[in-house]
Structure formats: C-alpha cells, structure tokens
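**Student:** Pasting in a structure now, in structure tokens, and then I'll have a few things to ask.
The values are calculated or read from the model by the stated rules, or taken from the named source; none is laboratory data. Predicted model, so just to flag it, every value in this text is computed and none were measured. Cβ sites come from the backbone with ideal geometry, for glycine too, and all protein chains shown count toward neighbours. Note: accessible area is taken over every heavy atom of the protein model, side chains too, but ligands, DNA and RNA are not part of it. Shrake-Rupley method; radii C 1.70, N 1.55, O 1.52, S 1.80 Å.
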Amino acid sequence: MAGRHLRDMIAAYGERDDLKFRRAAQAIIQEEEAKRHTVLAKELRAVLAANAGVGANDVLITPDPPVDRDSSLPLARVTHPDRLLGDLVLAEPTRAALGQIVNEVRNWPTLDRAGLPRRNRVLLSGPPGCGKTSAAVALAHELGRPLVTARVEGLISSYLGETAANLANLFAFASTGAYVLFLDEFDSLGKMREDASDHGELRRVVNAVLQQIDAYSGPSLIVAATNHSQVLDAALWRRFDSVVELGLPTRDQVLELLRRQLLGNGLADAVQHADDLAGLPHAATEFFANSAKRHALLDGRTSIDSSDVSFAAAEVMSRPWS
Ligand SMILES: Nc1ncnc2c1ncn2[C@@H]1O[C@H](COP(=O)(O)OP(=O)(O)OP(=O)(O)O)[C@@H](O)[C@H]1O
Ligand SMILES: [Mg+2]
C-alpha cells in the first residue's frame, strides 16, 4: 500500500475532507487490485460503498474509475455534463418520460421512506444520432450528478475471466457515489448473447452483466443505450424499469432544430430542406447547419445565403446516416 495514499487518508480525516478521503481510499483499492489482492480489494470496496451517501450533491470531485487489469485502460470515463433536457428537441412523450425519471430520482428518499421500490434502470433506444448520449448527459446534468460512461464492449476483457472482475469493479464504483452510470452500446451484449449459445464462457460473461444490473441497488442511476432494439431479447429488456424511445425527428422537430442552430441566419433557405432532413437523425440537421455556417465563414461572410445552404444539403445527402 503506497504511503502517499495512506498519508492522504489520514490527513483527510484530520481535515474532515470526505472527498479527499474517498479518493485516497479509491487509490488504495486500485493498488490492491493491481496486485491481484482481489478479496481485500472487494472487502474495501464494500466498506466504502456501505458508507456512501445517497444525496445528489455528495459527489463533488469524483474518484478515478477502475481500470482493466490487462490493458490498464479505464473502464469508464467521468464527465460533468452541462446540457439540459430543454436543450434537446424531443417528441413530447419522450420529454415527459425523461422528465419523470428526473423527478423520480430526485424523490428517491421519499419513495424509500414509503417502502416503494426505486426505478433505477433506464434503457434509451433509437437509431444513431437521435440523442441517446445527449439524453444521458442531460439526465446527469438535471440530477446534478457526474456521468460515468462505460462502453459495454470495453468491459469485455480479452481474457474473458477478467470481465467478471471488471464488471464487479465498475458496479462497485457506481456504489461509492450518486452517479449516472451510462452503459453505452448495450446492444453489443445482445449480439454476444446470440453468439453465446455455443460458447460457455461467453454465456457466463453475458449472464454476469445481467446479474450485476439485477443486483445493483446503490445510489446511482443506471442508463443503458441501444441502437438495435431488435437484437435485445426479452431477457435483456426485462432488466429495465423504463424504456425511452428516441426516434427520428419529425418535420416540425427538424424546423425547431434549424431555428435553434441557425438563430434566423439563413433560416428561410434552410427550411426548404426540412422534408429531406426529417428522414435523417437529429445529428444530420446539426451537421447541415454547421456545414452552412462553415461554408459562409470560409467565404468571408457571417450571413448564410442560398449557396451555403445548397452546399450543406449536398454534403449531408452524400453521407450515410444509419
Ligand atoms: N434530440 C436532439 N436534440 C438536439 N440535438 C440532438 C438531438 N439528438 C441528437 N442531437 C445532436 O446530434 C448529435 C449526436 O447525438 P447523440 O450523440 O446524442 O446521438 P446518439 O443517439 O447517442 O448516437 P449513437 O447511436 O451514434 O451513439 C449531437 O451532437 C447532438 O447535439
Ligand atoms: Mg451515443
């Protein structure tokens, strides 16, 4: 155990600095893991988790997330988002569903006191570029929580045996504070499950992920995202308390996106392309607006004209969006 972290821990006690204490404890746990003292590391994590508060403001400075032992790469990325739900252009039922999740999480203590189970597992489903990541970011910001993003594929170690440890470490990390734990590319698990029928070890890994999700009862909100709902079988869907659809934008939503992106500059020309953009993800309209702005600026103008918009439309249409 490195003396530095122990010193920090004792100093943190003297200073009554909870965050400093947690960071030092987290560093010690990671060192023990690196030395493969897994039993001790697990015990320490459990002790730390048992003392974690559930208040949204408990986590101000976030400890480093655990790392994969083979690659030494972090299993998750911690960010402090600044995007609100109001920044997204959403269908009304989608906005309502996300708003209800925020409201529920804020009121978990009330639900706990009433003996009602918390709903803490959300699945965001929809085509690429329609706001799954943006919605996870906005949920975290609305809740005042750091966003802990893990790619499901990144958790699957090249040594399958390590994967269970990765998962356990990630979920233990999510038990040390009130985060939004975002499991991106969740459909990779569905694909793995299909392949797993003739591969015993892979099947155990998929089951390990599901067990971690089932067993989780810590202070974090778990949010998973999938592009391909069809590859998720019932056993995977069942894990989630709420499923929120983020579909392609309607024409009205494209117009709203254009209004927000262009702020009136070149809007009259841009709306001519609303029908084409409505068949594409939100990301395409954002790309279209940026392309028009860029084209004008590089031509030495700040005002967008029809040549910029035509250029942008051709650029958008030349790209694959799904
Ligand atoms: N509903 C939305 N409202 C406003 N902007 C959006 C919306 N959806 C997507 N965007 C914009 O499109 C881009 C891509 O969005 P995002 O990364 O959230 O999509 P995604 O569904 O996570 O895509 P992927 O499946 O590829 O991960 C972002 O820059 C975002 O600003
Ligand atoms: Mg995404």
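**Student:** Just order 106-113, 6-13 by mean Cβ neighbour count inside 10 Å, highest at the front, would you?
**Tutor:** Packing order, densest peptide first, comes out as 6-13, 106-113.
**Student:** Express in nm, to one decimal, how much length is gained between residue 31 and residue 47 on full extension, taking 0.36 nm for each residue of separation and deducting their alpha carbon distance.
**Tutor:** In short, 4.1 nm is gained.
**Student:** At a Cα cut-off below 20 Å, give the lysines reachable from residue 20, other chains included and same-chain residues fewer than 8 away excluded.
**Tutor:** Straight-distance partners of residue 20: none at all.
**Student:** While we're looking at this one, here's another question. Under 27 Å from the Cα of residue 132, which lysines turn up, not counting those fewer than eight places away in the same chain?
**Tutor:** Qualifying lysines at Cα under 27 Å: 191, 293.
**Student:** Another question, then. For segment 172-296, which whole percent of the accessible surface, found with a 1.4 angstrom probe, sits on carbon and sulfur atoms? Don't skip to the end; give the middle numbers.
**Tutor:** On the way: 2420 of 5210 Å².
It is 47 percent, rounded to a whole number.
**Student:** Taking the Cα centre as origin and putting +1 on Lys and Arg beta-carbons and -1 on Asp and Glu beta-carbons, what dipole magnitude results for the chain, to the nearest 20 debye?
**Tutor:** Around 860 debye, computed over the chain.
**Student:** How big is the convex hull of the Cα atoms of the chain, per residue, in Å³? Intermediate results must be reported in sequence, preceding the final value.
**Tutor:** Details: hull volume 54.8 nm³, N = 322.
Per-residue hull volume (Cα only) is 170 Å³.
**Student:** Taking the Cα-to-Cβ direction at residue 10 and at residue 306 and moving 7 Å from each Cα, how far apart do the two end points lie in nm?
**Tutor:** In this crude spin-label approximation the distance works out to 7.8 nm.
**Student:** If we sort 160-173, 115-128 on the protection proxy, mean other Cβ atoms within 10 Å, highest first, what's the order?
**Tutor:** Answer by packing, highest mean first, reads 160-173, 115-128.
**Student:** What share of the DSSP beta bridges in segment 63-191 is antiparallel, in percent to the nearest 5? Walk me through the intermediate numbers first.
**Tutor:** Numbers: 4 of 9 bridges.
DSSP beta bridges in segment 63-191 are roughly 45 percent antiparallel.
**Student:** Now for a separate question. Report relative contact order for segment 140-182 in percent, whole number only (criteria: Cα-Cα under 8 Å, sequence separation at least 6).
**Tutor:** Answer for segment 140-182 is 57 percent.
**Student:** Separate question: Gain in length, residue 96 to residue 252, computed as 0.36 nm per residue apart minus the alpha-carbon separation, to one decimal in nm?
**Tutor:** That pair, residue 96 and residue 252, stretches by 54.4 nm at full extension.
**Student:** Could you grab the relative contact order for the chain? Cα pairs under 8 Å, six or more apart, rounded to a whole percent.
**Tutor:** Relative contact order of the chain: 18 percent.
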